[in-house]
Amino acid sequence: MRVLFCGDVMGRSGRQVVLDHVPALRKRLALDLVVVNGENAASGHGITVKIAEELLANGVDVLTTGNHVWDQRELLTQIDSMPRVLRPANLPAGTPGRGASIVQTPAGKKVMVINIIARLFMDLYDNPFAAIERILAEYTLGKNVHAVIVDFHGEASSEKQAMGHFLDGRVSLVVGTHTHVPTADHRILPGGTAYQTDVGMCGDYDSVIGMGKDVATQRFLKKVPLPRLEPALGPATLCAILVDLDDATGLATRIEPVRIGGLLSQAVPA
Ligand SMILES: [Fe+2]
Ligand SMILES: [Fe+2]
């Protein structure tokens, strides 16, 4: 099985690079599943129903989110009817939506996608380690589910690496999101889980983590009200990770970074 996971889609240019490339990549790389973090798709702030539907109609199977999940309030009332849009699993009980979803690939494989959020330098979320342990209690990789993809949305590389080791051998992929900068530590952990601390964003890198660089830089220099931060609108780089999984075990056999378009050095798997 072959899976592509794309990092946080940042505003219009991020959406454009996904729409421009994901449908073609899906065919050319024979992708079985595409997961995209959409938490910044609507001008950097959350995702609207319309944007989610557009991405899901253009080669994306599941959208994950993060701390920006409720920036577009309409999602609060709509997410229960959107099984392919996830919010972090470790939000308080009673929060609308779901943190994990099982989808079927065209070849009939059952894939569980889990979205969890970290705590270090973040907010007062429930323990992400305990939350994912509860979800995995019912699912065994290679037994009742063919693959498990985990988006761990967080700031601290330490917490994300710890999650990778915590889940090693029990899930197919642990990939970090939220920092909007790709790390170069993609690898297969000793137990067979593919891992990358952060996949980066799908957005314009001539920016400060996707926001216009002038205002975003002034925020570090001045303590007066400044214009609202708006996403940078130059050509985006699609930042993603490609993983191949063993059909019998659901563990990883290959992990490759993907960087297409925009400013970053290009990496396109053969
Ligand atoms: Fe983000
Ligand atoms: Fe985030």
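Listing for the model above:
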{"item": "Number of the condition not met by Leu86 [criteria: (1) open to solvent by 10 Å² or more (accessible area, probe 1.4 Å); (2) at negative phi]", "result": "(1)"}
{"item": "Number of the condition not met by Ser13 [criteria: (1) among the small types (Gly, Ala, Ser); (2) part of a loop (DSSP other than H, G, I, E, B); (3) over 26 Å from Ala118 (Cα atoms)]", "result": "(2)"}
{"item": "Output for region 2-13, where each listed residue is closer than 22 Å to Ile149 by Cα and within 16 Å of ligand 1 (Cβ to nearest atom)", "result": "Phe5, Cys6, Gly7, Asp8, Val9, Met10"}
{"item": "Residue in region 133-151 that is within 16 Å of ligand 2 (Cβ to nearest atom) and modelled with pLDDT of 95 or more present", "result": "yes"}
{"item": "Qualifying positions in region 31-55 - outside any loop (DSSP other than H, G, I, E, B) and either within 16 Å of ligand 1 (Cβ to nearest atom) or surrounded by fewer than 18 Cβ atoms within 10 Å (Cβ to Cβ) (or both)", "result": "Val35, Val36, Asn37, Val49, Lys50, Ile51, Ala52, Glu53, Glu54, Leu55"}
{"item": "Qualifying residue in region 247-258 (condition: farther than 30 Å from Ala162 by Cα, outside any strand (DSSP E or B) and open to solvent by less than 60 Å² (accessible area, probe 1.4 Å))", "result": "no"}
{"item": "Strands (runs of 3 or more DSSP E) within region 122-205 that include 3 or more residues more than 16 Å from ligand 1 (Cβ to nearest atom) and crowded, with 16+ Cβ neighbours inside 10 Å", "result": "147-153"}
{"item": "Subset of region 233-261 (residues that are more than 19 Å from the chain's Cα centre (by Cα) and closer than 18 Å to Cys6 by Cβ)", "result": "Pro235"}
{"item": "Residue in region 201-222 that is farther than 23 Å from His45 by Cβ and not polar (S, T, N, Q) present", "result": "yes"}
{"item": "Any chance Val62 is under 22 Å from Met112 (Cβ atoms) and either hydroxyl-bearing (Ser, Thr, Tyr) or at pLDDT 95 or above (or both)", "result": "yes"}
{"item": "Region 95-128, residues that are more than 23 Å from Met82 (Cβ to Cβ) and among the hydrophobic types (A, V, I, L, M, F, W, C)", "result": "Ala107, Ala118, Leu120, Phe121, Met122, Leu124"}
{"item": "Tally of residues being in contact (Cβ under 8 Å) with a residue 40 or more places away in the chain and under 15 Å from Leu86 (Cα atoms) across region 129-160", "result": "7"}
{"item": "Hits in region 210-231 - residues which are open to solvent by 100 Å² or more (accessible area, probe 1.4 Å), over 30 Å from the mean Cα position of the chain (by Cα) and not basic (Lys, Arg)", "result": "Leu221, Pro225"}
{"item": "Met112 vs. criteria buried (at least 16 other Cβ atoms within 10 Å of the Cβ) and away from ligand 2 (no atom under 15 Å from the Cβ)", "result": "yes"}
{"item": "Some residue of region 18-25 being under 17 Å from the mean Cα position of the chain (by Cα), closer than 15 Å to Thr177 by Cα and not aliphatic (A, V, I, L, M)", "result": "no"}
{"item": "Tally of residues being more than 12 Å from ligand 1 (Cβ to nearest atom) and within 14 Å of the chain's Cα centre (by Cα) across region 57-85", "result": "6"}
{"item": "Filter result (touching a strand residue (DSSP E or B) at 6+ places or on another chain (Cβ under 6 Å), away from ligand 2 (no atom under 16 Å from the Cβ) and of a type outside the set (Val, Ile, Thr)) within region 1-12", "result": "Met1, Arg2, Leu4"}
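A quick yes/no check of all residues on (1) within 16 Å of ligand 2 (Cβ to nearest atom); (2) under 29 Å from Thr249 (Cβ atoms):
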{"position": "Arg26", "(1), (2)": "no, yes"}
{"position": "Val34", "(1), (2)": "no, yes"}
{"position": "Ala41", "(1), (2)": "yes, no"}
{"position": "Thr48", "(1), (2)": "no, no"}
{"position": "Leu63", "(1), (2)": "yes, yes"}
{"position": "Trp70", "(1), (2)": "yes, no"}
{"position": "Pro83", "(1), (2)": "no, yes"}
{"position": "Pro96", "(1), (2)": "no, no"}
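The values are calculated or read from the model by the stated rules, or taken from the named source; none is laboratory data. Fair warning: this is a prediction, and the values are worked out from it, not measured in the lab. FYI the Cβ positions are ideal-geometry reconstructions off the backbone, even for glycines, and counts take in every protein chain you see. Note: accessible area is taken over every heavy atom of the protein model, side chains too, but ligands, DNA and RNA are not part of it. Shrake-Rupley method; radii C 1.70, N 1.55, O 1.52, S 1.80 Å.
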